[in-house]
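The values are calculated or read from the model by the stated rules, or taken from the named source; none is laboratory data. The structure presented is a predicted model; accordingly, all values stated were derived computationally and were not measured. Cβ sites come from the backbone with ideal geometry, for glycine too, and all protein chains shown count toward neighbours.
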Number of protein chains: 2
Amino acid sequence: MVIHYPNGQTYHQPAANSSHLKTKREHPNVIFGNRGMSLEDELNQSNIYYLQKEIAVIHKKPVPIQIVQVSYPKRSAAVIKEAYFKQSSTTDYNGVYKGHYLDFEAKETKNKTSFPLSNFHEHQVKHMKACVRQGGICFTIIKFSATQQLFLLPAAILFDYWDNQANGRKSIEKKVIVKHGYAINYHVQPLIPYLDYVDKLINK
Amino acid sequence: MVIHYPNGQTYHQPAANSSHLKTKREHPNVIFGNRGMSLEDELNQSNIYYLQKEIAVIHKKPVPIQIVQVSYPKRSAAVIKEAYFKQSSTTDYNGVYKGHYLDFEAKETKNKTSFPLSNFHEHQVKHMKACVRQGGICFTIIKFSATQQLFLLPAAILFDYWDNQANGRKSIEKKVIVKHGYAINYHVQPLIPYLDYVDKLINK
């Protein structure tokens with residue numbers, strides 16, 4: 001159906017979701033990157049790029065679900081009718097890069113001056129510590145959404161703040177993240193070139 | 001309610017699920033191991049042992065689900081009301097062991113003389129090939145349920161058979177698995193000591 005404005009002009013419905021992608025193709029030198037995308041979407045897109053280019057194999061783990069009831073309708077797919085979200089016992093992302101096991105969590109915060117430790121669960125930190133003991137490379141990708149700034153923070157800094165929460169400090173100041181983490185600039189391919197900074201962790 | 005046998009003796013209902021565990025504790029030298037457990041349960045139990053002993057960090061990935069509808073009842077947890085199973089794009093298990101990235105699939109077959117390749121999807125094999133290219137260690141744990149025999153089969157053998165399916169052979173003969181794989185004997189702690197055979201792959 002064609003819709004007209006009161007003045008008679010034809011109304012063209014904007015294509016939902018694809019608008020920023022189109023814009024990107026029309027202006028290849030301008031990096032719009034992350035507009036409207038969640039950090040998870042941005043990382044998934046980056047990981048697809050890394051996978052296709054055979055640079056690394058990194059996947060986000062599915063959300064753990066406790067399934068209670070499933071119905072099996074005839075001639076169609078099984079439908080889960082009742083299920084609940086479970087708390088994950090690990091981080092969200094892991095995989096292999098240049099022979100190294102990578103394991104990380106990605107977190108977005110609206111906070112402007114610090115990163116609250118409440119973004120993590122005890123078992124996630126415990127999991128990362130266990131991975132580090134096995135020789136894995138662990139970190140967090142933190143996005144300050146107000147300023148669209150991205151950082152890769154090595155796990156050691158998180159562990160340090162986590163273990164000292166009893167002293168009263170329940171967050172990591174942004175200035176600490178700036179000092180001890182790596183600022184990641186949005187790129188085109190991949191959108192978030194975080195492996196460039198993983199290289200720095202490997203070569204440390 | 002107390003139930004009596006016709007002869008007047010009291011009937012004690014056996015505790016469901018825990019019976020074989022009890023038996024195991026009463027007879028510590030007898031390995032009942034896997035009776036009634038799925039290969040997945042056996043591996044999960046083994047991975048918990050490896051994790052607790054700080055030997056390795058290996059987890060089964062959650063089943064991927066496409067969530068369509070979620071309801072948020074007041075004062076209680078969110079309920080998923082409609083969701084569908086998605087095909088996984090990776091294998092089921094991965095993690096880190098002695099600095100190595102491990103990635104594997106576990107499969108049970110009722111077949112007595114061979115292991116059908118239909119147990120795998122194209123993208124799972126593709127995923128394992130990508131992991132091997134990054135220096136990961138990939139394999140399959142195969143259980144022949146009729147004889148309760150377990151094998152660790154290095155990924156290279158699977159790739160070989162997978163890539164040659166066009167020649168007509170749609171399964172791996174058990175004798176090939178016996179020859180090129182490692183027979184794993186059930187143990188107590190861990191139930192499936194598969195990392196002993198991963199050591200052989202690492203030292204190869």
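The combined condition, being over 22 Å from A:N44 (Cβ atoms), aromatic (F, W, Y) and at pLDDT 95 or above, is not fulfilled by A:F139.
The residue that is farthest from A:C138 (Cα to Cα), counting only those in region A:177-199 that are free of Cβ contacts under 8 Å to residues at least 60 places away in the same chain and surrounded by 17 or more Cβ atoms within 10 Å (Cβ to Cβ), is A:I184.
Picking from residues in region B:130-156 that are in a helix (DSSP H, G or I) and in contact with a strand residue (DSSP E or B) (Cβ under 7 Å, 6 or more places away or on another chain), the one that is surrounded by the fewest Cβ atoms within 10 Å (Cβ to Cβ) is B:V132.
Which one of these is farther than 20 Å from B:I67 by Cα and either touching a His at 6+ places or on another chain (Cβ under 6 Å) or of a type in the set (S, T, N, Q) (or both): A:S89, A:S76? That would be A:S89, the only listed residue that is farther than 20 Å from B:I67 by Cα and either touching a His at 6+ places or on another chain (Cβ under 6 Å) or of a type in the set (S, T, N, Q) (or both). Restricting attention to region B:64-82, the residues that are of a type in the set (A, V, I, L, M, F, W, C) and surrounded by 15 or more Cβ atoms within 10 Å (Cβ to Cβ) total 4. Of the residues that sit in region B:83-99 and are at the interface with chain A (Cβ under 7 Å from one of its Cβ atoms) and surrounded by 21 or more Cβ atoms within 10 Å (Cβ to Cβ), which one is nearest to the chain's Cα centre (by Cα)? Going through the qualifying residues, I end up with B:N94.
Counting only residues that are touching a helix residue (DSSP H, G or I) at 6+ places or on another chain (Cβ under 7 Å) and not small (G, A, S), which one in region B:110-119 is surrounded by the most Cβ atoms within 10 Å (Cβ to Cβ)? Filtering region B:110-119 for residues that are touching a helix residue (DSSP H, G or I) at 6+ places or on another chain (Cβ under 7 Å) and not small (G, A, S), the one surrounded by the most Cβ atoms within 10 Å (Cβ to Cβ) comes out as B:F115. For the residues B:I141, B:I58, B:I48, B:I80, the requirement of being within 14 Å of chain A (Cβ to nearest Cβ) and in contact (Cβ under 8 Å) with a residue 40 or more places away in the chain singles out B:I58.
Scanning region B:22-31 finds one or more residues that are at pLDDT below 95, under 30 Å from B:K204 (Cβ atoms) and more than 10 Å from chain A (Cβ to nearest Cβ).
Would you mind stating whether A:H127 is at pLDDT 95 or above and surrounded by fewer than 18 Cβ atoms within 10 Å (Cβ to Cβ)? For A:H127, the condition - at pLDDT 95 or above and surrounded by fewer than 18 Cβ atoms within 10 Å (Cβ to Cβ) - is not met.
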